[in-house]
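Input: a single structure, listed below in structure tokens.
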Amino acid sequence: MPRPTPAPDAHDARPSRLEGWLDRLTRPIMPLALPIVALLFLQWPLRDWIGAGSAQANDLAQTLFALYVAAALRHAGRRGAHLVSRPDLAQAGSRRMRALRSIGAPLGTLPWALFVCWQGAPMVAHSVRGLERFPETANPGYFIVKAALLALAALLALQALADLWRAVRAAAAEASA
């Protein structure tokens with residue numbers, strides 16, 4: 001199966017200052033995948049052999065997973081590896097059609113990401129103020145899962161702004177050429 005082709009200028013162009021900052025912010029979160037896998041694997045032996053600790057392992061894995069997904073979705077989107085239904089179409093069509101696609105994607109993402117930030121902020125603030133716990137186990141840290149939702153939306157909104165800026169600049173450069 002052919003490898004997905006990134007969206008035009010998805011990562012070929014030099015990253016903007018904003019993208020560089022976002023990369024530096026999210027890159028350290030990527031190794032969380034390993035402890036997530038370990039914690040999820042350990043749930044069975046903890047439950048079946050030791051008889052304790054599986055709920056704590058699950059809650060910690062959920063917390064780490066929420067943080068990981070918040071960073072990973074932005075990272076994958078930046079590289080054109082997420083939500084690509086037809087990667088073969090990334091370079092297809094006229095210049096105008098490619099420009100419309102590169103502008104349309106961030107214009108579709110940005111309003112929804114901002115909406116989630118706007119609607120989620122009060123819930124997240126309430127959860128963080130109360131240091132909300134996991135409902136089933138009363139373990140601490142559920143507020144981090146909710147805060148990760150806001151982080152995800154904010155990161156996607158910032159990436160959409162960077163993508164939109166790049167697409168508009170590229171369209172203007174092609175129009176003047």
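Quick notes on this structure:
- Rounded FRET efficiency, nearest 0.05, which uses the C-beta distance separating W44 from S16 and R0 of 41 Å: 0.35
- The charge dipole of the chain, taken about its Cα centre with unit charges on the Cβ atoms of Lys, Arg (+1), Asp and Glu (-1) only, comes to about 580 debye.
- Per residue accessible area in Å² of segment 51-177, where ligands, DNA and RNA are left out and the probe is 1.4 Å: 58
- For L67, the accessible area of its heavy atoms, probed at 1.4 Å with every protein chain present, is near 60 square angstrom.
- For the chain: rounded, prolate or oblate by the Cα gyration tensor [a/c cutoff 1.5]: prolate
- Förster radius 30 Å - calculated FRET efficiency between R95 and L25 (Cβ-Cβ, nearest 0.05): 0.35
- Look at the dipole of the chain built from charges on Cβ: of A61, T137, L158, the Cα furthest out on the positive end belongs to L158.
- Close amide-amide hydrogen proximity is noted between R79 and no other residue 5 or more places distant or on a separate chain, at a cut-off under 5 Å (H modeled in the peptide plane; Pro and chain starts excluded).
- Mean Kyte hydropathy of -1.0 or more with a Cα span along the axis of at least 15 Å, helices from DSSP in the chain: 33-45, 54-78, 95-129, 142-176
The values are calculated or read from the model by the stated rules, or taken from the named source; none is laboratory data. Just so it is clear, the model here is predicted, and its values are computed rather than measured. Reconstructed Cβ throughout: ideal geometry from the backbone, glycine too, with neighbour counts over all protein chains shown. Please note that ligands, DNA and RNA were not included when accessible areas were found on the heavy atoms of the full protein model with its side chains. Shrake-Rupley method; radii C 1.70, N 1.55, O 1.52, S 1.80 Å.
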